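Nothing in this text is a laboratory measurement; each read-out follows from the coordinates by a stated rule. Everything quoted here is computed from the prediction, not taken from an experiment. Neighbour counts are summed over all protein chains in view; Cβ atoms, including those assigned to glycine, are modelled from backbone coordinates with ideal geometry.
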Amino acid sequence: MFCKKEWIAMLLAGGQGSRLYTLTRNLAKPAVPFGGKYRIIDFPLSNCVNSGIDTVGVLTQYQPLVLNEYIGNGQPWDLDRSNGGVFVLPPYQKSSGSDWYTGTANAIYQNINFIERYDPEYVLVLSGDHIYKMDYEKMLAYHKEKGADCTIAVLQVPMEEASRFGIMNTYPDGTIYEFEEKPAHPKSNLASMGIYIFSWDKMREYLIRDEQDPSSQKDFGKNVLPAMLADGQKMVAYPFEGYWKDVGTIDSLWEANMDLLDPNVPLDLYDDSWKIYSRNPVMPPHYIAQGAKVENSMVTEGCNIEGDIDFSILFSGVTVEAGAVVHDSIIMPNTVIKKGAVIEYAIVAENCVIGEGAVIGQRPEEVPDRDNWGVTVVGTGVNIGNGAVIPPKSMIDKDIEGVR
Amino acid sequence: MRENKTMGIIFSNMHDSMLGALTEVRTTGSVPFGARYRFIDFVLSSMVNSDIQDIGIITKSNYRSLMDHVGAGRDWDLARKRGGLVLLPPFASSAGNGIYRGRLEALAGASGYIRYNDAKYVLLCDCDIIANVDLRDLINTHIRSGAQITMMYNRQEVHRENLRDTTVLFCDPETMDITDIQVRPDISGTQNVYMDTILIEKQLLERLINEGKSHDSYSLIRHAIQPALGKLDIKGYEFKGYAAKISGLKSYLAANMDLLRQEVREELFPKERPVYTKVRDQVPVKYGLSAKVSNSLIADGCIINGTVENSIIFRGVKVGKGTVLKNCIVMQNTYVGENTHLEYVITDKDVLIKDARTLIGCDTYPTYIPKGSSI
């Protein structure tokens with residue numbers, strides 16, 4: 001027996017995030033650490049509970065171990081409920097055979113049974129790779145007010161960047177008359193944020209129809225939404241104002257982390273009325289030693305800092321020894337940076353050891369060939385030997401021997 | 001049923017009178033400590049990390065903050081169907097109004113909870129000791145020795161001003177038999193100071209509780225243990241790790257400042273025996289352009305734009321530009337404005353210190369600012 005829910009959320013968390021390279025070698029993109037103590041998925045999950053959604057299906061497929069363990073029973077997000085809660089939904093075997101999730105629409109299609117248990121009026125579809133704070137309840141109110149069958153959250157992007165996004169062309173009342181995927185000559189600057197609210201009866205109908213179409217790629221953006229539009233279903237764009245960032249690439253992940261240090265960026269994590277929840281490590285407060293220098297940075301529990309930190313984000317349990325320098329970098333949990341090491345413009349993943357005097361990355365202004373400059377990435381668990389030099393834009397996923 | 005199971009009883013209100021202003025609005029157990037903890041976290045975590053999963057907390061008064069802190073015990077993995085955490089508020093009955101005078105009387109109020117547990121041993125602890133103890137060693141030593149009662153102590157200097165809260169054990173170094181127990185002794189020097197931690201067979205404890213009831217006696221040490229010296233097999237157990245007994249603002253400040261020493265942090269927060277506390281989902285600390293921090297312990301949720309030296313900063317504290325904090329303990333959600341100067345100041349929770357204020361205390365007499373004050 002399940003109680004009827006007005007709405008539930010389905011969170012697409014199966015993506016590999018291949019453009020994050022070594023960072024997603026052993027974990028799905030939504031589980032990538034972000035912002036000192038979060039993982040990317042904390043943002044949509046916290047938005048859900050803050051918006052009053054108590055039932056969330058998380059669709060997983062690629063490297064789900066870390067994500068499954070992280071979500072657990074949903075307690076950190078108050079989603080450990082008797083009626084509803086958070087559910088991890090991997091692909092499964094059926095009497096008719098077994099299928100991986102072949103696309104975003106197919107993933108939801110394969111879980112129609114899950115959705116129907118709650119007999120919802122509306123289904124919110126989210127993806128697990130964006131950093132933003134959003135009240136989905138306002139979007140639902142908009143969906144109802146407009147009498148829409150599908151509402152798509154849109155963000156105004158600068159016109160010159162519009163050709164990188166899926167663009168919605170709308171009438172003045174917000175009704176969508178056309179989609180353009182990455183148009184060369186965009187007519188508007190309303191970019192889809194990958195956040196949809198569907199009226200469930202319509203969604204169900206189109207998911208089933210899409211599944212029967214052998215030529216379909218089973219994707220919301222490419223197939224389901226255009227099919228609904230072609231049939232004249234009422235589709236509206238919900239304008240969102242605020243900070244929103246896709247963190248699908250190394251550069252955008254680095255930038256989004258650095259945005260947290262910028263007082264002019266409108267993403268306030270310190271606002272108690274819209275907290276971002278996460279699974280907290282059990283660690284003592286961080287210690288900053290005499291002689292250490294910490295400015296313009298975020299530091300969290302379990303860190304032990306004796307070095308020089310500037311414009312950086314340090315996750316829990318990071319050790320920075322005396323004389324080490326960390327500038328413009330992101331250091332993920334439990335990494336140790338030994339004496340005299342210098343890290344600039346880098347992302348160092350979890351459980352790494354950076355040897356004494358090693359040099360990781362470089363400032364862009366010090367690089368003669370600016371076109372080949374980029375953020376350096378050190379993968380999970382990698383040991384960098386003493387004195388090793390890792391040039392900018394490197395992607396390190398094996399141990400590097402020290403220089404004698 | 002587990003063999004040799006031990007249950008824990010924690011007295012949250014003992015020593016309230018020693019801590020003065022700190023316990024004005026709370027129990028000893030819920031006094032904030034070490035930037036993100038409360039006193040009770042240490043004994044609770046020691047118990048949980050030592051496989052003690054049936055824990056009763058005896059309260060007396062002002063225990064709302066304690067209930068808020070421990071909740072159902074989930075952050076200590078103690079929200080369980082079998083066993084787990086139980087709060088034991090004063091138990092009023094025809095025999096009394098429930099406001100107990102000592103531990104023995106308090107235990108009488110909790111005798112139902114003790115009786116129905118299938119544990120073989122009971123570990124009784126107070127909250128005023130900051131230590132991370134592997135209690136399995138105490139329990140194993142107790143079982144091996146065949147003692148009926150084992151009392152834990154550590155070697156430490158006895159200071160005159162703390163005598164009111166001190167109990168000293170005299171112990172035969174060969175057999176570890178306790179030969180004498182002196183409450184508030186008139187002695188000084190390094191002594192075996194009782195850590196208010198006692199392991200006792202459950203049946204024996206129930207007998208002592210019943211004898212206490214029939215004699216209207218209330219003190220565990222004075223009325224039950226001291227008279228039993230020589231009659232029962234009572235042994236001492238020395239704890240050799242770091243332990244700080246808090247018996248006033250001075251020792252409170254000193255124990256907090258001990259955390260700035262690496263060897264103390266390593267002993268109190270070993271990776272394999274973490275100290276759990278209530279999760280508050282705070283953001284990492286943000287250090288601004290003009291932040292200067294040295295030799296300090298800082299918890300999450302703070303925004304630091306000033307200078308912080310030799311200080312303990314709790315969760316959610318804001319420190320404005322140009323402000324200098326030296327040798328301070330700044331508790332949760334304190335707001336310190338710009339160009340303010342504080343030395344040897346202890347601010348309780350939710351204190352507001354506006355711009356350009358100066359407050360200077362002394363290491364032996366820190367300035368204490370009560371909860372919710374505005375300066």
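Pairwise alpha-carbon distances in the range B:286-369 exceed 18 Å for 28% of all pairs.
Quickly rank B:226-235, B:15-24, B:46-55 as a protection proxy: mean count of other C-beta atoms within 10 Å, highest first.
Details: B:226-235: 15.5, B:15-24: 18.1, B:46-55: 21.3.
Final packing ranking: B:46-55, B:15-24, B:226-235.
Summary of packing: across the peptides A:308-317, A:129-138, the per-residue average of other C-beta atoms within 10 Å ranks them, highest first, as A:308-317, A:129-138. Peptide A:268-279 is shielded by partner chain Cβ atoms: per residue, an average of 3 of them sit within 10 Å of its Cβ. Would you give the gap between the C-alpha center of the range A:210-284 and the C-alpha center of the range B:34-89, rounded to a whole Å? Spelled out, the Cα-based centre of one part sits 39 Å from the other. Ranked by the mean number of other Cβ atoms within 10 Å per residue, highest first, peptides A:228-239, A:373-384, B:298-309 order as B:298-309, A:373-384, A:228-239. Couplings 3J(HN,Hα) of the range B:192-207, computed from phi: 7, 8, 5, 9, 6, 10, 9, 10, 8, 5, 4, 4, 5, 4, 5, 5 Hz, in residue order, whole Hz [Karplus 6.51 cos²θ - 1.76 cosθ + 1.60, θ = phi - 60°; x for Gly and Pro]. Set Lys and Arg Cβ to +1 and Asp and Glu Cβ to -1, take the dipole of the range B:286-369 about its Cα centre, and tell me which of B:G288, B:I353, B:V330 lies farthest positive. The one lying farthest along the dipole's positive direction is B:G288. Computed from backbone phi, the HN-Hα couplings of the range A:216-232 come to 6, 8, 6, 10, 4, x, 8, 10, 5, 4, x, 5, 5, 5, 4, 7, x Hz, rounded to whole numbers (Karplus: 6.51 cos²θ - 1.76 cosθ + 1.60, θ = phi - 60°; Gly and Pro given as x).
Please find the FRET efficiency linking A:S252 to A:D135, where r is the Cβ-Cβ separation and R0 is fixed at 22 Å, and quote it to the nearest 0.05.
Values: r = 24 Å, r/R0 = 1.08.
With a Förster radius of 22 Å, E is 0.40.
Dividing the Cα radius of gyration of chain A by its Kirkwood radius returns 1.00 for Rg/Rh. Annotation: the residues A:S252, B:S12, sorted from fewest to most other C-beta atoms within 10 Å of their own C-beta, follow the order A:S252, B:S12.
Remark: mean inter-chain Cβ contacts per residue of A:296-309 equal 4, using a 10 Å Cβ-Cβ cutoff to other protein chain atoms. Sequence-ordered 3J(HN,Hα) estimates for the range B:288-293 from the Karplus curve with 6.51, -1.76 and 1.60 and θ = phi - 60° stand at x, 4, 10, 6, 9, 10 Hz, glycine and proline given as x. Proximity of backbone amide H atoms, modeled 1.01 Å from N, is registered between B:Q191 and B:Q156, B:E157, B:V158 at under 5 Å, excluding neighbours fewer than 5 places apart on the same chain. Dipole magnitude for the range B:286-369: about 220 debye, using +1 per Lys or Arg Cβ and -1 per Asp or Glu Cβ, origin at the Cα centre. Taking amide H as placed 1.01 Å from N in the peptide plane, B:T197 has its amide H under 5 Å from the amide H of B:M152, each at least 5 places away in sequence or on another chain.
Cα-based Rg of the range B:87-149 per 2.2 N^0.38 Å, rounded to two decimals? Write out the running numbers ahead of the final one.
On the way: Rg = 14.7 Å, N = 63, 2.2 N^0.38 = 10.6 Å.
In units of the 2.2 N^0.38 Å rule of thumb, it is 1.38.
Shown here is the pair-distance distribution of the range B:111-237: with all Cα-Cα distances grouped in 10 Å bins from zero up to the longest one, the shares run 11, 43, 36, 9, 0 percent. Charged side chains reduced to their Cβ positions (Lys and Arg at +1, Asp and Glu at -1) give the protein assembly as shown a dipole of some 1680 debye around its Cα centre.
Taking only DSSP H segments of four or more residues, each worth -39500 (n - 2.57), what value at 222 nm results for chain B once the sum is divided by all its residues, to the nearest 500 deg cm²/dmol? Could the numbers behind the result be given before it?
On the way: 8 runs with 72 residues, N = 375.
That calculation yields -5500 deg cm²/dmol at 222 nm.
From its DSSP helices (H runs of at least four residues, each -39,500 (n - 2.57)), chain A gives a residue-normalised ellipticity at 222 nm of -4500 deg cm²/dmol. Mean partner shielding of peptide B:4-11, defined as the number of other chain Cβ atoms within 10 Å of each residue Cβ, is 0. With the simple spin-label model, which puts each label point 7 Å out from Cα in the Cβ direction, the B:L163 to A:D369 separation comes to 8.0 nm. What's the angle, to the nearest 10 degrees (0 to 90), between helix B:39-49's Cα axis and the longest principal axis of chain B? Roughly 60 degrees, rounded to the nearest 10. Taking only the Cα atoms of the protein assembly as shown, the radius of gyration and Dmax are 30.0, 96 Å. When the range B:286-369 is described by a simple charge dipole with +1 on each Lys and Arg Cβ and -1 on each Asp and Glu Cβ, the residue from B:G320, B:Y365, B:H341 located farthest towards its positive end is B:G320.
Scanning residues 5 or more positions from A:G385 or on other chains, those with amide H under 5 Å from its amide H are A:G355, A:I400, A:E401, A:G402, with H placed 1.01 Å from N in the peptide plane. The ellipsoid equivalent to the alpha-carbon distribution of chain B has semi-axes of 38, 21, 19 angstrom, derived from the gyration tensor eigenvalues as √(5λ) and listed largest first.
Each Lys and Arg adds +1 at its Cβ and each Asp and Glu adds -1 at its Cβ; summed about the Cα centre, the range A:182-338 shows a dipole of about 600 debye. Label positions at B:R207 and B:R144, each projected 7 Å from the Cα along the C-beta direction, are separated by 2.6 nm.
Using label points projected 7 Å from each Cα along Cα→Cβ, tell me how many nm separate A:K393 and B:E174, to one decimal. Placing both labels 7 Å beyond Cα along the Cβ direction yields 8.0 nm.
When the charge dipole of chain B is built from unit charges on Cβ atoms (+1 for Lys and Arg, -1 for Asp and Glu) and taken about the Cα centre, the candidate among B:N192, B:S30, B:S247 whose Cα reaches farthest toward its positive end is B:S30.
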